[in-house]
Amino acid sequence: MKLPFTLDKCTASTAALGLIVLETDETIEAEFRALFNQPGIGLFHARIPVAQEITPETLPEMEAALPAAVGLLPSAFPMDVIGYACTSGATVIGADNISRMVTQIFPNAKTTDPITAVMAALEHLGMRRIGLVTPYVEDVSAAMINLLQRNGFEVVNFGSFEQKEDAIVARISPDSIYNAVCDIGAADNVEAVFVACTNLRTFDVIERAEERIGRPVVSSNQALAWHMAELADLKDPITGPGSLFTKR
């Protein structure tokens with residue numbers, strides 16, 4: 001028996017969002033799932049190969065793999081926004097290069113990445129003098145600091161867990177991240193704290209850290225989700241942790 005059926009606008013009737021996730025990332029999908037759990041918002045993931053160790057030498061390797069990863073997103077309908085979910089990778093590869101490669105496959109998609117999103121979030125909050133927490137080795141953190149400073153931000157306090165392996169980064173406890181944010185954010189000249197890396201678990205840390213230090217805390221995953229929602233121009237705003245989502 002051939003069964004009858006009708007068609008509707010599917011899960012992405014309001015917005016289709018694409019997310020390019022690192023092969024080694026264990027965190028961002030769970031954190032995004034809670035934020036974008038709304039009818040009509042389709043969140044589609046594709047994985048991209050990446051070396052186990054995050055260094056200035058391995059990060060550029062993702063550039064060659066990016067078009068193939070983007071091409072694995074559903075093509076039956078246009079993507080509204082596509083985010084490349086690697087803070088350090090976007091720092092090294094460059095937002096313009098990422099956007100160019102994405103729009104070759106999805107010409108009408110808006111694009112973002114964590115470092116671009118964080119700078120947009122800091123602009124939104126009106127913060128320029130930041131404390132920075134990273135999990136990266138020295139050379140990767142230095143590249144990120146340089147990028148932030150070239151864009152008009154001043155990194156006035158900095159600390160890192162100094163890890164190469166993403167598997168270790170994913171297992172850094174939220175309490176360790178909370179303590180790091182509070183230590184870096186305690187400096188008098190810090191206006192906001194930026195916690196870099198999509199593999200750090202920050203969503204349960206942000207609000208209690210903000211309460212403790214009395215300053216905004218912006219993380220890679222929080223800012224990327226906020227920026228993707230902003231670019232998608234959602235009718236009903238998403239709700240997420242921290243002052244970034246409450247400031248209108």
0 to 90° range, to nearest 10: angle between helix 114-125 axis and the chain longest Cα axis:
70 degrees
Given the DSSP H assignment, sum -39500 (n - 2.57) over each helix run of at least 4 residues in the chain and divide by its residue total; what's the result at 222 nm in deg cm²/dmol, nearest 500?
-11500 deg cm²/dmol
Angle, helix 138-150 long axis vs. longest principal axis of the chain, Cα atoms, 0 to 90°, nearest 10?
80 degrees
More than 15 Å apart: what percent of Cα pairs in the stretch 116-220 qualify?
57 percent
Please give every one of the lysines within straight-line cross-link reach of Lys9, meaning a C-alpha to C-alpha distance under 24 Å, and leave out same-chain neighbours fewer than 8 residues apart.
Lys110, Lys235
Can you list residues from other chains, or at least 5 along the same chain, whose modelled amide H is less than 5 Å from the amide H of Thr111?
Ile82
Nearest 10 degrees, 0 to 90: helix 95-105 Cα axis against the chain principal axis:
10 degrees
Taking 7 Å along the Cα-to-C-beta vector as the label spot, tell me the Ala187-Ser13 distance in nanometres, rounded to one decimal.
5.0 nm
In the stretch 1-84, what chymotrypsin sites (Phe, Trp or Tyr not before Pro) fall in a loop by DSSP, with at most 12 other Cβ atoms inside 10 Å?
Phe5
Could you pull out every residue, at least 5 positions away or on a different chain, whose amide H is within less than 5 Å of the one on Cys197? Hs are placed 1.01 Å off N in the peptide plane, and Pro or chain starts have none.
Thr87, Ser220
At what distance in nm do the modelled label points of Ala167 and Glu154 sit from each other, each positioned 7 Å from its Cα along Cα→Cβ?
4.3 nm
Going by amide H atoms built from the backbone, whose H comes under 5 Å of the H on Ile48, apart from near neighbours?
Val21, Leu22, Glu23
Starting from the stretch 1-90, pick out the GluC sites (Glu not before Pro) whose DSSP state is loop and whose Cβ has at most 15 other Cβ atoms within 10 Å.
Glu23, Glu57
How long is the gain from Ala76 to Glu26 if the chain were fully straight, where each residue apart is worth 0.36 nm and the alpha carbon distance is subtracted?
15.2 nm
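None of the figures in this text is laboratory data; all of them are computed from the coordinates on show. No experiment lies behind these values; they were computed from the predicted model shown. A quick note on method: Cβ atoms are made from the backbone with ideal geometry, for glycine too, and the neighbour counts reach across all protein chains shown.
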